[in-house]
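This report concerns only the one structure given below.
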Amino acid sequence: MHNDGSDTANLCFHCGQPVPAGESWTLDIGGLERTLCCVGCQSVARLIVDSGCEDFYLRRTVPSARVDPEQLLPPELALVDLPVQTSDGEVADATEHAQELVLSIDGLRCAACVWLIEKYLARLPGMHMAELNVASARLHIRRDPALCSTSTILRGLHGLGYTAYPFDPLRQGEQARRAGRRLFRQLFIAGLSMMQVMMYAIPVYMTHEGIDPDMMALMRWASLFLTIPAVFYSALPFFTGAWAGLRARAPGMDLPVAIGIAAAFTGSAIATWRGEGEIWFDSVSMFIFLLLASRYLETAARRKSAAALERMQQAFPASALVVRGYPQQRETTLVAANQLQAGDVILARPGDTIAADACLLEGMAELDLALLSGESRPQTFQPGQEAPGGAVNLSQPVLLRVVRTTRESTLAAITRLAEQAGQGKPALAQWADVVASRFVVALLLLAAITFIAWHLIDPARAWATAIAVLVVSCPCALSLATPSALAAATDRLLREGTLVVRGNVLETLQRADTVLFDKTGTLTQGRPQMTALWSCIDQAQALSVAAAMERGSQHPLAKALVEEAGRRGSAACEVAELGSVTGAGMHCLIDGVVHRLGARGFVAGIAGQSIPAELNQPAAAAAGSVYLGNSNGWLARFDLADALRADAVDTVAAFRAQGVRVILLSGDQPEVCAEVAAAVGIDEVIAGCTPQRKLEVVRQLQQGGAVVAIVGDGINDAAMLRAGDVSFAMGKGAALAQVSADAVIMSDRLSAVAQCAQMARRTMRIVRQNLVWASVYNFLAIPAAAFGLLDPWMSAVGMSASSLLVVANALRLSRAARGSRQLPATAPAVQPALAGGA
């Protein structure tokens, strides 16, 4: 009903509840003195008026919720702004690590609630954007945290009469589980009702004559009472969905379903009361059960898709063991994980989840990174390597030094990105919603026309034919199966290590005709690796000496030598008097002999100027060399370079096989880029690009009509990643690049991009199959029902079977594609030398 501003003496103007006798509170609203029932409603109404939002009372269609005066300002709202000590000694807000904030809203009653909340928040200082999705009850806010704190927003919303809390996937997950259990109960009741009603309906179908009138009346009344639980309990989701669609002026697929159920039940109940006419209790109960079955299947698929994010949230450990006085002392103290600071030393026991990104201090560790990268095999970490927060220790107890706090860890960053996933709706789904809405309106008109036409032709069949038209239609292929396909596909990709952050990825990727690859960290490993070893002595011995001298150093070249020695299993070597010369290299004593490792000139100072032929071999253009020698002469040369990813060649070949144009776009030197391009099979190279030039290249391609997909990992790739039609950031790349991209490759396998493209093609193929099926089905079934060729029960079976078919077809995406090939994930120990800068 529309509230025109009229007031009554005994009803509260705000909530519509009776005003207690002898008590009243008043407030000037719209130039008139309004009566209110309590101080709570008075406070809310005053806040609405003072905020300039009193038009709310003209817009609302139902009274507002009553406000408990005792709960106007709950003290727990202040807890969201408790300071947390950061690593640099300053204080930071516990929840406001970014300008984006997502809240869940309880108490929404009509479209005017959305208008009121958005208008009120828009007036707060520091508020840039506030958008409320009435369907999901999620409020997306962008604001300046210094001017507009979370507690200010929550208090304001609470003052308006709405319960708001920071969006929590765990809480949402629990609500989803409760909804799933409720849906199962409704399905069970509907199934039980259907079976019992069928017991009475089958004898009627089998015996058209000979049933005693009194027995027939008994069977009719029994069917009526057995159908009541299905209609008034099991069918509630359809009635509430239909009413919500009408209030939002966006009728959905629930509307014809609800009208069909109500019409068939009402007509059957009237026929039962009169003792004459046709009844359709069996059709009603069957329709409710079959449609609930398809909805339960679709809901289960969505819960499965959301489970990955819930597992990420649950992976955060609540506490960690901090080692005090390391290395002299080894006493441990249990602290809250969110209190860890950079530099703290923590102990991870077997089975423990590492609470923050940390560097391994002692011993080797086997870590399970399945949650972070989708890689099922444990990974071995050496001392000095950084372990990501969220990894699970599978081996012996290990000590680690915290590099980043829990809130800034790899898992936290991935979880924040995952929380953004699904906020945007793909254009295909938006189009489907519009078409489904128009389809429903057209269907209602057709049902009305069918009823009128049959009322003129054969009034006895008019009601049943109109019900059949309503029931047989299947708009769910548009409004249900399309998002189900996208959810199943993104769930599959997440389990394989690709996080789809924005909803347009699959839709756009299958249309992409141009792919731009960055070089360093994308086509290449992004860190130096040993690509060649030239030695005058045994290679294992030379590598053992070099690793012993570099162990403990954080220099990238030193790490590469140590890692190579670990891969080859070189025996440890004892060194003494270890020292370094900045910009030159390392020196030490081994068995009393002075050794040097580093630049050629530095080693020549002790080994002699004449280098042997074995170490004077030509190096690759982009490779760097590290020399080893002692006072007795030259010993070895190590060539190090940024090696290709093992799956780079296959990934490029997969795109070229689909006819996609592949371009290498890099800021590195032309000769280095040309060498990489030739190695991976790319013909087009654009080298020496600044970030601005990369952005210009992307825009030029788009202006030429190209749909551009971009793969990068560096800070200098952020601008072009955001500009691309669809973009991927490598999981070990810069955080800015990940925030700018549409998807993040958490597994750090380049082949995941090609696999995502394959999944995009499969997804769109299944969506097209669903759309074709829905079109053909509706084109045949609706006219058949309108011409009286289908009974209501036949329509119920057809519509429900169609829903089950399209949902089951979409769920095929959650399984691995038959014959799909997993590309190699690790590079060979020695590759052609490929190195460079950006």
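The values are calculated or read from the model by the stated rules, or taken from the named source; none is laboratory data. Note that the structure is a prediction, hence the values are computed from the model and not measured. No Cβ is skipped: glycine too gets one built from the backbone with ideal geometry, and neighbour counts run over all protein chains shown.
Restricted to helices (runs of 4 or more DSSP H) entirely inside the range 481-574, those with at least 2 residues that are of a type outside the set (D, E, K, R) and more than 22 Å from G629 (Cα to Cα) are 481-495, 505-509. The residues of the range 27-55 that are part of a strand (DSSP E or B) and either closer than 12 Å to C15 by Cβ or in contact with a strand residue (DSSP E or B) (Cβ under 6 Å, 6 or more places away or on another chain) (or both), listed by number, are L27, E33, R34, T35, L36. Kindly indicate whether any position in the range 399-410 is β-branched (V, I, T), at pLDDT 80 or above and under 22 Å from E563 (Cα atoms). Checked the range 399-410: at least one residue is β-branched (V, I, T), at pLDDT 80 or above and under 22 Å from E563 (Cα atoms). Considering only residues in the range 581-614 that are modelled with pLDDT under 85 and part of a helix (DSSP H, G or I), the one that is surrounded by the most Cβ atoms within 10 Å (Cβ to Cβ) turns out to be E614.
When the range 662-689 is limited to residues that are of a type in the set (V, I, T) and not in a strand (DSSP E or B), the one that is modelled with the lowest pLDDT turns out to be V672.
From the list E70, E54, E76, E33, the lone residue that is modelled with pLDDT of 70 or more, surrounded by fewer than 18 Cβ atoms within 10 Å (Cβ to Cβ), of a type in the set (D, E, K, R) and within 39 Å of the chain's Cα centre (by Cα) is E54.
When L292 is tested against (1) within 30 Å of A190 (Cα to Cα); (2) modelled with pLDDT under 80; (3) within 31 Å of the chain's Cα centre (by Cα), exactly one condition is not met: (2).
Applying a threshold of 9 Å to beta carbon distances and a minimum spacing of six or more residues, or different chains, the list of pairs starting in the range 752-772 at a residue that is without any contact (Cβ under 8 Å) to a residue 40 or more places away in the chain and ending at one that is surrounded by fewer than 24 Cβ atoms within 10 Å (Cβ to Cβ) reads R765/Q510. Among the residues making up the range 207-221, a single one is at pLDDT below 75 and surrounded by 12 or more Cβ atoms within 10 Å (Cβ to Cβ): I211.
A count restricted to the range 94-122 and to residues that are in contact with a Ser or Thr (Cβ under 6 Å, 6 or more places away or on another chain) and at pLDDT 70 or above stands at 1. Condition check: surrounded by fewer than 22 Cβ atoms within 10 Å (Cβ to Cβ), at pLDDT 75 or above and touching a Leu at 6+ places or on another chain (Cβ under 9 Å). Does A315 satisfy that? Considered against the rule, which asks whether it is surrounded by fewer than 22 Cβ atoms within 10 Å (Cβ to Cβ), at pLDDT 75 or above and touching a Leu at 6+ places or on another chain (Cβ under 9 Å), A315 comes out as no. Candidates A442, A447: the one that is surrounded by fewer than 22 Cβ atoms within 10 Å (Cβ to Cβ), assigned to a helix (DSSP H, G or I) and either at pLDDT 75 or above or not small (G, A, S) (or both) is A442.
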